[in-house]
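What follows is a single structure, written as structure tokens, with notes after it.
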Amino acid sequence: MGIQLMAQRDMNTNFLLDSVNKDIRLYGSGFRVYVVYKQGVIISYVEADKPVKDEGEKDSIYALKLQEFKKNIKKIQGAHKKLMTLGEFQDILNLDS
């Protein structure tokens with residue numbers, strides 16, 4: 001692997017790790033995600049479980065969350081992906097960094 005590709009991979013890993021750390025603070029380490037791979041390299045992740053409507057949440061807000069969830073799931077159809085928790089994903093990224 002060339003130096004430029006390694007640097008790009010390291011930047012992506014750091015970006016993903018920052019994002020995962022923020023999501024763990026928001027949702028907890030047990031939150032389930034699909035981790036998406038391209039040519040054996042992790043490129044992104046998306047929420048794995050359909051959002052649940054919170055008590056008192058406006059229907060319009062929930063509809064937007066649901067629409068976003070469906071859009072993200074559709075984007076990764078056919079992609080190589082693995083279901084895991086944010087905590088498991090964080091461990092993998094920490095090994096790569």
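One table, with the values for the structure above:
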item: Sequence of VAL33, VAL52 once ranked by neighbouring C-beta atoms within 10 Å, starting from the fewest; result: VAL52, VAL33
item: In Hz, Karplus ³J(HN,Hα) per residue of region 63-74 (6.51, -1.76, 1.60; θ = phi - 60°; x = Gly, Pro); result: 4, 5, 4, 5, 4, 5, 4, 4, 4, 5, 5, 4
item: Unsatisfied cross-links (Cα-Cα over 20 Å) in the set LYS38/LYS74; LYS22/LYS75; LYS22/LYS65; LYS50/LYS74; result: LYS22/LYS75
item: Point-to-point label distance, PHE69-LYS38, nm (Cα→Cβ direction, 7 Å offset); result: 2.6 nm
item: GNM top mover of GLY87, GLY78, GLY56 - the chain, alpha-carbon springs below 10 Å; result: GLY56
item: 5 angstrom amide H check on SER44, placed H, neighbours 5+ away; result: VAL36
item: Under the Karplus curve 6.51 cos²θ - 1.76 cosθ + 1.60, θ = phi - 60°, whole-Hz ³J(HN,Hα) for region 17-24, x wherever Gly or Pro sits; result: 4, 4, 5, 5, 4, 5, 5, 5
item: Efficiency of FRET from Cβ geometry, GLU88 and VAL52, R₀ 25 Å, rounded to 0.05; result: 0.70
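FYI, it's all coordinate maths here, none of it is from the lab. Computed from a prediction, not measured in an experiment: that's the story for all the values here. Positions of Cβ are backbone-derived with ideal geometry, glycine not excepted, and every protein chain shown enters the neighbour counts.
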